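J.: Below you'll find the structure I mean.
The values are calculated or read from the model by the stated rules, or taken from the named source; none is laboratory data. The model shown is predicted, which means the values in this text are computed figures rather than measured ones. All Cβ positions, glycine included, derive from the backbone under ideal geometry; neighbour counts span all protein chains shown.
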Amino acid sequence: MKKAILVFAVLILAAMTETQAQEISAVMYVNATAGLRVRSSPDLDGERIASLSYMSEVRVTRQGENTVTIDGITGKWVYVTAGDTEGWVFGGYLETLNNLITGTWRGR
């Protein structure tokens, strides 16, 4: 019985963690000159499922809760779609169209 309760608690916690991603809708562009890896989960341990080229347009549909620092850049993991590709990328490597227009693009 204790095992069943523990398993149930873990499943509820996992479901809560997944739903904590904030839903949004924004078009952004990859600013990683070497490209940006798309992952199956919002962390560096997530399986690499695709790669997006520098300046690729993506639609951000969800944003993770936690702020992290990767390669000295602070940001959140975001869920994106780009054509037939969808998955999690580190948002610190994305820019808005406004930054392109105003010349504040920070290619990395």
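J.: Residue check: is A21 touching a Gly at 6+ places or on another chain (Cβ under 7 Å), modelled with pLDDT under 90 and closer than 18 Å to W77 by Cβ? Working first, answer last.
T.: Details: touching a Gly at 6+ places or on another chain (Cβ under 7 Å): yes; modelled with pLDDT under 90: yes; closer than 18 Å to W77 by Cβ: yes.
For A21, the condition - touching a Gly at 6+ places or on another chain (Cβ under 7 Å), modelled with pLDDT under 90 and closer than 18 Å to W77 by Cβ - is met.
J.: Can I5 be described as β-branched (V, I, T), at pLDDT below 95, out of contact with any helix residue (DSSP H, G or I) (no Cβ under 9 Å at 6 or more places or on another chain) and outside any loop (DSSP other than H, G, I, E, B)?
T.: Values: β-branched (V, I, T): yes; at pLDDT below 95: yes; out of contact with any helix residue (DSSP H, G or I) (no Cβ under 9 Å at 6 or more places or on another chain): yes; outside any loop (DSSP other than H, G, I, E, B): yes.
The answer is yes for I5.
J.: To continue, here is another question. Filter the stretch 78-96 for residues that are more than 16 Å from M55 (Cα to Cα) and hydroxyl-bearing (S, T, Y) and give the result.
T.: The answer is Y79, and nothing else.
The rows are residues; the columns are (1) in contact (Cβ under 8 Å) with a residue 60 or more places away in the chain; (2) in a strand (DSSP E or B); (3) buried (at least 18 other Cβ atoms within 10 Å of the Cβ); (4) hydroxyl-bearing (S, T, Y).
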| position | (1), (2), (3), (4) |
| --- | --- |
| M28 | yes, yes, yes, no |
| V38 | no, yes, yes, no |
| D43 | no, no, no, no |
| T67 | no, yes, no, yes |
| E86 | no, yes, no, no |
